[in-house]
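Engineer: One structure coming up, written as structure tokens, with questions to follow.
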Amino acid sequence: MKPIRLQISAFGPFAEQEEVDFEALGGDPLFLITGATGSGKSTLGALVQRTHIPQGGSIRINGRDIGEYS
């Protein structure tokens, strides 16, 4: 399967910045995001699910803006 690439460069109300760029193989049932408390794991999930809308920057999946997906 073709890899799925996620790129995030997002800015929030307090000028925090999330920059993530990774690939997962399509069809993989599970992948893991780990990190210390306060490192942004929940924020990353909220950005991908679109429950948190950044004030600036972009979120792209395979080069397409996440807003193009329904």
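The values are calculated or read from the model by the stated rules, or taken from the named source; none is laboratory data. If you're wondering where the values come from, they're calculated on a predicted model, not measured in any experiment. Here the Cβ is made from the backbone with ideal geometry for all residues, glycine too, and neighbour counts use every protein chain on show.
Engineer: Tell me, please, whether a residue that is part of a strand (DSSP E or B), modelled with pLDDT of 80 or more, within 14 Å of the chain's Cα centre (by Cα) and of a type in the set (D, E, K, R) can be found in the stretch 32-51.
Structural biologist: no
Engineer: Also, quick follow-up: Does the stretch 5-18 contain at least one residue that is surrounded by 10 or more Cβ atoms within 10 Å (Cβ to Cβ), at pLDDT 80 or above and in contact with a Gly (Cβ under 7 Å, 6 or more places away or on another chain)?
Structural biologist: Yes, that holds for at least one residue.
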